[in-house]
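Below: the structure, in structure tokens.
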Amino acid sequence: GAVRFFARQIWPQLRERHPGLKWRLIGSHAAAVRRHIAGDARIEVRENPSNAVAELAAACIVVVPLLAGSGTRLKILEAWAAERAVVSTPIGAEGLGARDGEHIVIAGPPDEFVNAVSRLLADPGARARIGAAGRRLFEERYTWQRAWAALEL
């Protein structure tokens, strides 16, 4: 799914454009994705980290290239908690209440995704602004306190 799409259609272009860029995969099921990333020293895997938000906070940009509605959007929420700019697909951002260019950058086709990541890499101010807006949205809608408040009638 998402890792294969990113590895085949997006990462090669980003890797060429940005020689110092590293891709760090954070999450579970590393065995399922290793064949898509094998042999590239600029790709790191952090499987089942004890603190995913801290791992994401070390990132410059978080990419969530979901292609199907069944994929988890938890990484977007974790990235917002870490105050990081996120680039995702329209399906990845669906249902989260995020506005493109404000809380998140939404990109569909591979070239659009590559250009979105490249623009953010070149613009620390935009990364900070989008990351901060994502954090505010997370605090307004997705903390336990907000979830419990929404359940109270």
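In this structure, E139 qualifies as touching a helix residue (DSSP H, G or I) at 6+ places or on another chain (Cβ under 8 Å), more than 27 Å from G1 (Cβ to Cβ), of a type outside the set (A, V, I, L, M) and assigned to a helix (DSSP H, G or I).
Out of A7, A31, report the one residue that is hydrophobic (A, V, I, L, M, F, W, C) and open to solvent by 30 Å² or more (accessible area, probe 1.4 Å).
Among A7, A31, only A31 is hydrophobic (A, V, I, L, M, F, W, C) and open to solvent by 30 Å² or more (accessible area, probe 1.4 Å).
Got at least one residue in the range 81-98 being surrounded by 18 or more Cβ atoms within 10 Å (Cβ to Cβ), in contact with a Lys or Arg (Cβ under 9 Å, 6 or more places away or on another chain) and among the basic types (K, R)?
For the range 81-98, residues surrounded by 18 or more Cβ atoms within 10 Å (Cβ to Cβ), in contact with a Lys or Arg (Cβ under 9 Å, 6 or more places away or on another chain) and among the basic types (K, R): present.
Taking helices (runs of 4 or more DSSP H) as the structural unit, no element lying wholly within the range 1-119 holds at least 3 residues that are in contact with a helix residue (DSSP H, G or I) (Cβ under 6 Å, 6 or more places away or on another chain), closer than 22 Å to E140 by Cβ and free of Cβ contacts under 8 Å to residues at least 24 places away in the same chain. For the range 130-146, the set of residues classified as without any contact (Cβ under 8 Å) to a residue 12 or more places away in the chain, open to solvent by less than 40 Å² (accessible area, probe 1.4 Å) and hydrophobic (A, V, I, L, M, F, W, C) is empty.
The values are calculated or read from the model by the stated rules, or taken from the named source; none is laboratory data. Not measured: the values here are computed from a predicted model. Cβ: placed from backbone, ideal geometry, glycine included. Neighbour counts: every protein chain shown. Calculation scope for accessible area: heavy atoms of the full protein, side chains included, ligands and nucleic acids excluded. Shrake-Rupley method; radii C 1.70, N 1.55, O 1.52, S 1.80 Å.
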